[in-house]
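Colleague: Below is one structure. I have some questions about it.
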Amino acid sequence: MSATSSAAPGPAGPAGVVPATTSVRLRAMSRALFIRLGVLPFFLVAALVVFGLASDNFLTVDNLVNVARQSVYLVLVSLGQMMVLITGGFDLAVGATVALTSVVSALVMASLGTVLPDAVAPVIALGALAGFAAAALVGLANGAGVAWFGVSPFIMTLGVSSVAAGGSLFLTGGVPVSGLPPQFADLFGFGRWLGIPVPVLVAAVAIAVIWVIMTRTRTGAHLYAVGGNIKAAKLSAINTRRTLIVAYVLCALIAALTGLLLTARVESGEANLGGTIALESIAACVIAGVSLRGGIGRVETVVLGAFFIVLVQNGMNLAQIGSYLQMVLLGGLLILAVIFDQLRYRMMMGA
């Protein structure tokens, strides 16, 4: 009888089971969220808590709106970087592409502006086209090297980055290019339409176009297929070389758009624009769950990942953390993101 009594569950039994069940469910939900979205939700919550406690101004509406406006440029470059990462590569030349676009477009605008002072719209359009053409050449060189000659994306894009950066400095002598039409900065740098900054509107349109490309077109499907398994993609009659070239050219063109917006913002052509944007764009993508192995990535999470990077930078500024230490922390954040990407991949593979 005593044995039966001891075996029966007492009042403490069910009470002890409920927390354990809740804990298991929370772990399962966290695991599913981590596998689906990566480490971004956890990093975002941590940043909001830490910097919210460090500064009273961090979570104000004005500051968050300011962060959204500042994140436009990184969002655009990160979306281009995402396309290349999905194919299994990456582009270290995006920063140099931003600078080259800025210099080339500014030189053309400044030169034509002196010849055609009254033709403001054609001058701006021709300058922008020149910048896009220079960026397309950079993307074409990257894509051809990777797709046709089998050069490692790291070596190819690093070499092209050096060429593009050197070309920007050669064209300007390291001196900013001035004399741009003031209407260019007034519209694309500081203009507003319906109360919304024009750069934000441009970024919104670009985000929508890239989302359509990646989710509703054959090009997007081919990018995912090449990154998922390039041999299987070949067997499926996908032109893998053309797909890789398209990825790098699109990445460069998006970087060119960023360069034009930044040029309008600073009102001059600068050879030092985009110095750290390559590292930041890769960090934004990896934190957003884009796999370094290719085949995995979503437009909406990359947008949030880029916003997170700028949010962290803003929080460190408000917390009065020095710029040198900020570089250390951002580098550490990238390392952590890569480590978590490895862990996420093992979870997805069931290891």
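The values are calculated or read from the model by the stated rules, or taken from the named source; none is laboratory data. Source: prediction; values computed, not measured. Note that we place each Cβ from the backbone using ideal geometry, even for glycine, and neighbour counts take in every protein chain shown. Just so you know, the surface numbers come from the protein's heavy atoms only, side chains and all, with ligands and any DNA or RNA stripped out. Shrake-Rupley method; radii C 1.70, N 1.55, O 1.52, S 1.80 Å.
Colleague: Tell me the accessible surface of W211 in square angstrom (1.4 angstrom probe, heavy atoms of protein chains only), to the nearest ten.
Modeller: 100 Å²
Colleague: What is the Rg over Rh value, at two decimals, for segment 59-99, using alpha-carbon atoms and the Kirkwood definition of Rh? Provide the component values of the computation, followed by the final result.
Modeller: On the way: Rg = 13.5 Å, Rh = 11.7 Å.
Using Cα coordinates only, the ratio equals 1.15.
Colleague: Can you run phi through the Karplus equation (6.51, -1.76, 1.60; θ = phi - 60°) for segment 186-195 and list ³J(HN,Hα) in whole Hz, with x for Gly and Pro?
Modeller: Per-residue couplings from phi come out as 4, 8, 8, x, 10, x, 9, 9, 6, x Hz.
Colleague: Continuing with the same structure: Could you tell me the relative contact order of the chain? Use alpha-carbon pairs under 8 Å, at least six residues apart, and round to a whole percent.
Modeller: RCO, the chain: 32 percent.
Colleague: Out of L112, A96, S152, whose Cα points farthest toward the positive end of the dipole of the chain (charges: +1 Lys, Arg; -1 Asp, Glu; placed on Cβ)?
Modeller: Comparing the listed Cα positions along the dipole, S152 ranks first.
Colleague: Once R0 is set to 35 Å, what does the formula 1/(1 + (r/R0)^6) return for the Cβ-Cβ distance between V266 and L33, expressed as a FRET efficiency to the nearest 0.05? Spell out each step's value before the answer.
Modeller: Values: r = 39 Å, r/R0 = 1.13.
E between V266 and L33, to the nearest 0.05, is 0.35.
Colleague: Round to a whole number: what % of the accessible area of the chain belongs to carbon and sulfur, probe 1.4 Å?
Modeller: Details: 12040 of 17290 Å².
Percent of accessible area from carbon and sulfur atoms in the chain: 70.
Colleague: At q = 0.06, 0.09, 0.13, 0.15 Å⁻¹, what log₁₀ I(q)/I(0) does a Debye calculation on the Cα points of the chain give, no solvent, two decimals?
Modeller: Treating every Cα as an identical point scatterer, log10 I(q)/I(0) equals -0.27, -0.54, -1.03, -1.31.
Colleague: Probe radius 1.4 Å, ligands and nucleic acids left out: which of I339, I196, I213, I277 has the largest accessible area, and how do the rest follow? Don't jump to the answer; show the numbers that get you there.
Modeller: Values: I339 95, I196 70, I213 40, I277 15 Å².
Largest to smallest exposure gives the sequence I339, I196, I213, I277.
Colleague: Using protein chains only and a probe of 1.4 angstrom, how many square angstrom of S30 are accessible, to the nearest 10?
Modeller: 50 Å²
Colleague: Given the rule -39500 (n - 2.57) for each run of at least 4 DSSP H residues, summed and divided by the residues of the chain, what is its mean residue ellipticity at 222 nm, to the nearest 500 deg cm²/dmol? The partial results should precede the final answer.
Modeller: Numbers: 16 runs with 269 residues, N = 351.
Computed ellipticity for the chain at 222 nm equals -25500 deg cm²/dmol.
Colleague: Continuing with the same structure: Just to confirm, what accessible area per residue do you get for segment 180-298 at 1.4 Å probe, in whole Å²? Working shown, then result.
Modeller: Details: 5390 Å² over 119 residues.
Heavy-atom accessible area per residue stands at 45 Å².
Colleague: Please work out how much accessible surface L44 shows to a 1.4 Å probe, ignoring ligands, DNA and RNA, in Å² rounded to 10.
Modeller: About 40 Å², ignoring ligands and nucleic acids.
Colleague: If you don't mind, there's one more thing I want to ask. For an R0 of 22 angstrom, estimate the FRET efficiency from the Cβ-Cβ distance between V65 and T276 and round to the nearest 0.05.
Modeller: About 0.40, to the nearest 0.05.
Colleague: Roughly how many nanometres apart are two label points built 7 Å out from the Cα toward the Cβ at V24 and N57?
Modeller: Computed distance between label sites V24 and N57 equals 5.0 nm.
Colleague: Give the whole-number value, in cubic angstrom per residue, of the convex hull volume spanned by the C-alpha atoms of segment 228-351.
Modeller: Details: hull volume 17.1 nm³, N = 124.
Spread over its residues, the Cα hull of segment 228-351 gives 138 Å³ apiece.
Colleague: I'd like the distance separating the alpha-carbon centroids of segment 250-295 and segment 202-244, in whole Å.
Modeller: Answer, in whole Å: 20.
Colleague: While we're looking at this one, here's another question. Apply 1/(1 + (r/R0)^6) to the Cβ-Cβ distance of I335 and T114, taking R0 = 56 Å, and write down the FRET efficiency to the nearest 0.05.
Modeller: Numbers: r = 49 Å, r/R0 = 0.88.
The calculated FRET efficiency here is 0.70.
Colleague: Return the whole-Å distance between the Cα centroid of segment 142-157 and the Cα centroid of segment 55-113.
Modeller: Segment 142-157 and segment 55-113 have Cα centres spaced 23 Å from each other.
Colleague: In nm, what is the difference between 0.36 nm times the number of residues separating A125 and V209 and their Cα-Cα distance? List each step's numbers first, then the result.
Modeller: Numbers: separation 84, 0.36 × 84 = 30.24 nm, distance 2.07 nm.
Between A125 and V209, full extension yields an extra 28.2 nm.
Colleague: If I build a Gaussian network model for the chain, linking alpha-carbon pairs within less than 10 angstrom, which residue out of V209, V290, V160 has the largest mean-square fluctuation?
Modeller: Greatest mean-square fluctuation among the candidates belongs to V209.
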